[in-house]
Amino acid sequence: MNKPHIIVGLALLAIGTGAVAQKTQTTNIKGNTEINVNTNNTTAVAVGENVVAKNRIGVIQGDKKGDTKISVSATNVTNVVAGRNKKACVNIGAIVKNDECK
């Protein structure tokens, strides 16, 4: 039995499971909402075939009713895409109804 192959396989399995667990949820907000975000050095990278890279900072996705105040301070936001069917989305301090970056 080759232990390095098993370790690499388990590491890839752990990475793949983490990526699946990060599914974006759609939100229905009613009432007053205040979002304050501060971020530094945010990077999204995607390479190959059906590529998508997203940076969403202080973003509400879905329907919302009522007053909404979004305050965002973002520095050094990077989004890198390469490959085939490409998409790159950077949303900072926004309310997004349609997710055009799938």
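None of the figures in this text is laboratory data; all of them are computed from the coordinates on show. These numbers were taken from a predicted model, which means no experiment stands behind them. All Cβ positions, even for glycine, are placed from backbone atoms using ideal geometry, and neighbour counts span all protein chains on display.
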field: Shape call, region 25-96: gyration tensor on alpha carbons, a/c limit 1.5
entry: oblate
Pair Ile35, Asn50: separation of 7 Å Cα→Cβ label points (nm): 2.6 nm
statement: Burial-style ranking of 48-56, 80-88, 30-38, average other-beta-carbon count within 10 Å with highest first, yields 48-56, 80-88, 30-38
